[in-house]
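Peer 1: Starting off with a structure, shown below.
The values are calculated or read from the model by the stated rules, or taken from the named source; none is laboratory data. Note that the coordinates shown come from a computational prediction; the quantities given were computed from them, not determined experimentally. Backbone-built Cβ (ideal geometry, glycine too); neighbour counts: all protein chains shown.
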Amino acid sequence: MQKGSHLSLEARGEISIANKGRRYSPKTEFKKGQPPWNKGLRGVIVAWNKGRRPPPDEVERLRVLSRNRLGRKNSPEHRRKISLSTLGRPSNTTDESRQKCSESLRKRLADDGNLREQRIRQVTELNRSAKRRAEVSQQAKTQWSNIDFRNRVAKSLAQAMQRKPNKPEIKLEGILDRNYPGIWDYVGDGRLIIGGYNPDYTNINGQKAVIELFGDYWHGKRARRWSETELGRIMAYNALGFRCLVIWEHELQNERAVVAKVKQFEKEVLNGRVSSLEMP
């Protein structure tokens, strides 16, 4: 057996079974009722190194080794060997002990102002570092590139906000109900998420078509992202296989113009360029 190697769980189990019931010499084995060897010797036995300090040159050598080790990272091969040596080894940390450690640290941070400021400073410096910002940015890009992730986040936000139709949306809903009954349904409360976007209205007659109502303030000059503009939102839905009609808030003042715009949009949708809509 090589120095530093560990026995597998199977080997340790076999050794345990082999030693079970095995007795040692009657002279050396522990007998029931036998007093411990150190009974009455408390305070009499002195540690061999009590009061002894290593020579100055040894102290300096250990200090230099510790300083050189500070900030040093193990090589990938070394880390792989450590990982393999601990693989399958059961953890001795229970949920109860983790909870106790967490409560202890929380109490120390609450009682010790200097320690609390030190931890805050460490976390702040870590988050401000260029490396950390790059890691967070890359992680966010990877997550948001997943359509399922975007849909879950958008749906959770919409449900948490408990969105209800605002005044312009109520006005547009009245126009659609009067002129196109049973065709358009309000889904701006998060019931329908498409690629991370929550349209305001969707066609319920089997067409992959949606209507977005854009506010003049938020989607006008204040729009900061391409997807917040009219063309950007239309192209985003087209890439997902949906046709999108954008109606602006100021257009609601002319109901006839809105009706004509929706009618023209329905003609384009019914040309056969859009497949059926499968509601989630």
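Peer 1: Of the conditions (1) under 14 Å from Asp200 (Cβ atoms); (2) part of a helix (DSSP H, G or I); (3) modelled with pLDDT under 85, Arg163 satisfies every one except a single condition; which number is it?
Peer 2: (2)
Peer 1: So, in the range 90-135, how many residues would count as being of a type in the set (D, E, K, R), closer than 30 Å to Arg12 by Cα and surrounded by fewer than 10 Cβ atoms within 10 Å (Cβ to Cβ)?
Peer 2: So the answer is 2.
Peer 1: Only one of (1) surrounded by fewer than 18 Cβ atoms within 10 Å (Cβ to Cβ); (2) among the basic types (Lys, Arg); (3) out of contact with any Lys or Arg (no Cβ under 9 Å at 6 or more places or on another chain) fails for Arg191. Which number is that?
Peer 2: Condition (3) is where Arg191 drops out.
For every residue, the table says whether it meets (1) assigned by TED's automatic domain parsing to the domain that holds Ile193; (2) in a helix (DSSP H, G or I); (3) at pLDDT below 85.
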site	(1), (2), (3)
Arg52	no, no, yes
Asp57	no, yes, no
Val64	no, yes, no
Arg67	no, yes, yes
His78	no, yes, no
Asn92	no, no, yes
Ala110	no, yes, no
Arg150	no, yes, yes
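Peer 1: Being assigned to a loop (DSSP other than H, G, I, E, B) and hydroxyl-bearing (Ser, Thr, Tyr) is the filter here; which residues of the range 213-250 pass it?
Peer 2: Correct list: Tyr217, Thr229.
Peer 1: Quick check on the range 146-188: of everything there that is closer than 21 Å to Ile247 by Cβ and among the hydroxyl-bearing types (Ser, Thr, Tyr), which residue is surrounded by the fewest Cβ atoms within 10 Å (Cβ to Cβ)?
Peer 2: Tyr180
Peer 1: I've got another one for you. How many of the residues making up the range 133-149 are of a type in the set (Lys, Arg) and under 18 Å from Val123 (Cβ atoms)?
Peer 2: 1
Peer 1: Looking for whichever is in contact with a Leu (Cβ under 9 Å, 6 or more places away or on another chain), under 22 Å from Trp144 (Cβ atoms) and at pLDDT 90 or above here; the options are Ile175, Ile211, Ile234, Ile247. Which one fits?
Peer 2: Ile234
Peer 1: Kindly list, by first and then second residue, each pair from a residue in the range 146-163 that is under 11 Å from Arg191 (Cα atoms) to a residue that is surrounded by 13 or more Cβ atoms within 10 Å (Cβ to Cβ) and among the acidic types (Asp, Glu), limited to pairs with Cβ atoms under 6 Å and residues at least 6 apart or on different chains.
Peer 2: The qualifying pairs are Arg163/Asp189.
Peer 1: Ok, one more. Out of the range 12-61, which residues are surrounded by 10 or more Cβ atoms within 10 Å (Cβ to Cβ) and not hydrophobic (A, V, I, L, M, F, W, C)?
Peer 2: Scanning the range 12-61 gives Arg12, Gly13, Glu14, Pro54, Glu58, Glu60, Arg61.
Peer 1: Also, I was wondering about something else. With the checklist (1) touching a Gly at 6+ places or on another chain (Cβ under 9 Å); (2) under 30 Å from Gln143 (Cβ atoms); (3) among the aliphatic types (A, V, I, L, M) in hand, flag the one item Ile193 doesn't pass.
Peer 2: With (1) touching a Gly at 6+ places or on another chain (Cβ under 9 Å); (2) under 30 Å from Gln143 (Cβ atoms); (3) among the aliphatic types (A, V, I, L, M) applied to Ile193, the lone miss is (1).
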